[in-house]
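Coordinate-derived values only; no laboratory data. Please read these numbers as outputs of a predicted model, since none were measured by experiment. For neighbour counting, all protein chains shown are included, and Cβ atoms are generated from backbone atoms with ideal geometry for every residue, glycine included.
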Amino acid sequence: MRNMVIIGSGPAGLTAAIYAARANLQPLLIEGKEPGGQLTLTTLVENYPGFADGIMGPQLMEDMRKQAQRFGTDVVNGFVHAVKLTEKPFRVYYGEEEIVAKTVVISTGSSAKLIGIESEIQLMGHGVSTCATCDGFFYRGKEIAVVGGGDSAMEEATFLTKFATRVSVIHRRDVLRASKIMQDRALQNPKIHFIWNTVVEEVLGSRETGVSGLQLKDIKTQDLSRLNVEGLFVAIGHNPNTEIFRGQIDLDDRGYIKTRPDSTRTNISGVFACGDVQDPVFRQAVTAAGSGCMAAIEAERWLEH
């Protein structure tokens, strides 16, 4: 019987582990498909407090992991494929293992939707990004592109004009899905240029030199063209990693776990959710870590009572 099982090993899960271990709860943390979460896909992280010169994403997550282990967290490399949360004690399954737990902290994060081409994966963190707030600063004085047509794409494009000299928005249709106010803001911005009815066929460049351009295809004429840019931001949305919880935990219409206001508590007493799996708004490492701290403290108090 475990006091606490933490599912997921991004900033939220590892922070929850640090706090729970320091409270002598001896938590078990199951890392998941992407140990370290989305930060392991980034290169330099400059906006996490405490690192004046920045820190590499994978290094930050490795340091958090060591910190959690130093206080007594058991970390296992595995992927949770099923849970039973409708009766106590809770049961969590990974590989061939069945774990029985008094509390469960869900920190499985979300995954950015990608275009789905090989060069995009190869250059992720080397000129391709899914987060303007995280990486926009690196593109000061450069020309960049954004893929997408919804609110998040318009928001990212508008934000990126603070740094870039020109932002090309590439959209597969000739109308935007974004809300009227977001559309107007982007369409009226002199730095934003729209390329309609077009998809990205290939990201050009290398991990050493970064992105040098994009090969584009007009989906009406099938014509190919090249766009010279030094960065590509993919803004076609996120998918929360909540499939295994469906039918047991309350999710919103986009699949994010619903938590109570100012809390990480879910609809199931003793189950808590933190980080990007319940946060479709901010999606930052520092806010994820903050909610991981909240989850551990709430779980500790729940166990006491």
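Within the shell defined by Cβ-Cβ distances under 13 Å, the residues around residue 202 carry a net charge of -1, with Lys and Arg each +1 and Asp and Glu each -1.
Other residues whose C-beta falls under 14 angstrom from the C-beta of residue 236 contribute a net charge of +1, scoring Lys and Arg +1 and Asp and Glu -1. The angle between the Cα long axis of helix 57-70 and the main principal axis of the chain comes to about 0°, on a 0 to 90 degree scale. Kirkwood radius, segment 114-234, all distinct C-alpha pairs, inverse of mean reciprocal distance: 14.1 Å.
Label-to-label distance for residue 100 and residue 56 is 4.3 nm, based on points extended 7 Å past Cα in the beta-carbon direction. For the chain, the Kirkwood hydrodynamic radius comes to 20.4 Å, computed from all pairs of different C-alpha atoms.
For the chain, the longest principal axis of the alpha carbon atoms and the long axis of helix 151-160 meet at an angle near 70°. If you run the Gaussian network model on the chain, springs between alpha carbon atoms under 10 Å, then out of 160, 227, 44 the most flexible one is 227.
How many angstrom lie between the Cα centre of segment 238-299 and the Cα centre of segment 79-119? Spelled out, the Cα-based centre of one part sits 13 Å from the other.
Note on segment 140-214 and segment 16-70: Cα centroid distance 31 Å, given to the nearest whole angstrom. A protection proxy built from the mean count of other Cβ atoms within 10 Å ranks the segments 34-41, 104-111, 240-247, most packed first, as 104-111, 34-41, 240-247. Quick check: net charge around residue 75, other residues with Cβ under 12 Å of its Cβ, Lys/Arg +1 and Asp/Glu -1? Overall, the nearby charge balance is 0.
The GNM of the chain, with springs linking C-alpha atoms under 10 angstrom apart, assigns the highest mean-square fluctuation among 73, 103, 158 to 158. Taking the chain as a Gaussian network of alpha-carbon nodes connected by springs under 10 Å, the highest mean-square fluctuation of the residues 65, 260, 283 belongs to 260. If you count the DSSP beta bridges with both ends in the chain, what percent of them are antiparallel, to the nearest 5? Of those bridges, close to 45 percent are antiparallel.
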